[in-house]
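Structure record follows, encoded as structure tokens.
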Amino acid sequence: MPLTTKILDAAYAIYEEFGPQRRIPRRRRLKRKFPALTDADLDELLPQMDAVTETVWKLAERGGMSKMDKEAITAALQAAHPFLKDAGLTRAFFLVNYYAWHEGYG
């Protein structure tokens, strides 16, 4: 199955879910949402999700919205990961600010 922009965006929102879903392994959650994904697809997808998380943390360490405006954060996320457009972008943006607040970077 080709890893489309839509799949990658939705995958990040699933990859970084909160609550009870977080206890379910990421591969299983992603496979449940996208049953056509092969193991090879997941092997390609998961490092891309890790890279988004790395970008999220870098932006959080810069202070999130307490030090940057929404447009700058969104632009940085999309420049690094152009597939972030909808649910994945929303999750990444939230996490930038959550981590900035939670870790005291703001």
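The values are calculated or read from the model by the stated rules, or taken from the named source; none is laboratory data. If you're wondering where the values come from, they're calculated on a predicted model, not measured in any experiment. So basically every Cβ, Gly included, is an ideal-geometry build from the backbone, and we count neighbours across all protein chains shown.
Go through (1) touching a helix residue (DSSP H, G or I) at 6+ places or on another chain (Cβ under 7 Å); (2) more than 10 Å from Tyr12 (Cβ to Cβ) and name the single condition Ala92 misses.
(2)
Taking the stretch 1-37 on its own, how many of its residues are of a type in the set (A, V, I, L, M, F, W, C), crowded, with 16+ Cβ neighbours inside 10 Å and within 14 Å of Ala87 (Cβ to Cβ)?
Of the residues in that region, 8 qualify.
Taking the stretch 66-106 as the region of interest, how many residues are touching a residue at least 40 places away in the same chain (Cβ under 8 Å), of a type in the set (A, V, I, L, M) and more than 24 Å from Arg27 (Cβ to Cβ)?
Within the stretch 66-106, residues that are touching a residue at least 40 places away in the same chain (Cβ under 8 Å), of a type in the set (A, V, I, L, M) and more than 24 Å from Arg27 (Cβ to Cβ) number 2.
Condition first: touching a residue at least 24 places away in the same chain (Cβ under 8 Å) and either of a type in the set (A, V, I, L, M, F, W, C) or assigned to a loop (DSSP other than H, G, I, E, B) (or both). Now tell me which residues in the stretch 18-45 satisfy that.
Phe34, Ala36, Leu37, Thr38, Leu45, listed by residue number.
Among residues belonging to the stretch 67-106 that are modelled with pLDDT under 95 and touching a Gly at 6+ places or on another chain (Cβ under 9 Å), point out the one that is surrounded by the fewest Cβ atoms within 10 Å (Cβ to Cβ).
The extreme case among them is Gly106.
Only residues that are part of a helix (DSSP H, G or I) and under 18 Å from Leu3 (Cα atoms): list them for the stretch 54-106, please.
Selection gives Gln78, Ala80, Ala87, Gly88, Leu89.
Yes/no matrix, rows are residues, columns are (1) closer than 19 Å to Phe93 by Cβ; (2) modelled with pLDDT of 95 or more; (3) in contact with an Asp or Glu (Cβ under 9 Å, 6 or more places away or on another chain):
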{"position": "Ala11", "(1), (2), (3)": "yes, yes, no"}
{"position": "Tyr15", "(1), (2), (3)": "yes, yes, yes"}
{"position": "Ile24", "(1), (2), (3)": "no, yes, yes"}
{"position": "Arg27", "(1), (2), (3)": "no, yes, yes"}
{"position": "Leu37", "(1), (2), (3)": "no, yes, no"}
{"position": "Ala40", "(1), (2), (3)": "no, yes, no"}
{"position": "Asp43", "(1), (2), (3)": "no, yes, no"}
{"position": "Pro47", "(1), (2), (3)": "no, yes, no"}
